[in-house]
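Scroll down for the structure; my scribbles are underneath it.
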Amino acid sequence: MKNAMAASKPSKTGRAPVKRQQSSSKTAGGGLAKEAQPSPQLASIVGSKPMPRTEVTKKVWAYIKSHNLQDPQNRRMIKADDRLKEVLGGKRQVSMFELTKFVSQHLKETKD
């Protein structure tokens with residue numbers, strides 16, 4: 001009975017609720033989910049096929065961990081080997097926060 005009374009009662013603002021349209025596609029196509037083409041330098045680490053930025057990040061971190069490139073004393077710092085140094089602009093060491101900036105420079109958005 002309580003729900004029936006609430007349904008007939010006008011809202012506090014006096015306006016009808018706004019219905020939002022659903023997106024026509026089921027998958028997001030922009031932002032982090034949009035596929036990007038890695039540069040040849042980055043492709044040596046993550047592969048050459050276009051992939052979303054999130055997947056690139058996962059593969060870069062998998063490479064860093066599998067090659068033991070985190071500084072043992074300060075795990076926020078990444079030590080670059082020869083392949084990673086090409087992506088990091090020649091730097092020997094960067095913080096994990098700078099890593100994203102350098103990786104982004106090696107991604108080119110693909111056109112649909």
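Couple of notes before you dig in:
- Using a cutoff of 8 angstrom between alpha carbon atoms and counting only pairs six or more residues apart, the relative contact order for the range 31-106 works out to 25 percent.
- Extension gain for GLU98-THR54 works out to 14.2 nm (0.36 nm per residue, less the C-alpha to C-alpha distance).
- Note on LYS58: aspartates and glutamates with a C-alpha under 20 Å away, same-chain residues under 8 apart excluded, are GLU35, ASP71, ASP81, ASP82, GLU86, GLU98, GLU109.
- Taking the average, over residues, of other Cβ atoms within 10 Å as the packing measure, peptides 68-80, 40-52 rank 40-52, 68-80 from highest down.
- Across LYS79/LYS101; LYS34/LYS59; LYS79/LYS108; LYS49/LYS85, pairs whose alpha-carbon gap is larger than 18 Å: LYS79/LYS108; LYS49/LYS85
Laboratory data are not the source of any read-out in this text; all were calculated from the coordinates shown. If you're wondering where the values come from, they're calculated on a predicted model, not measured in any experiment. Every residue, glycine as well, gets a Cβ built from its backbone with ideal geometry; the counts of neighbours run over all protein chains shown.
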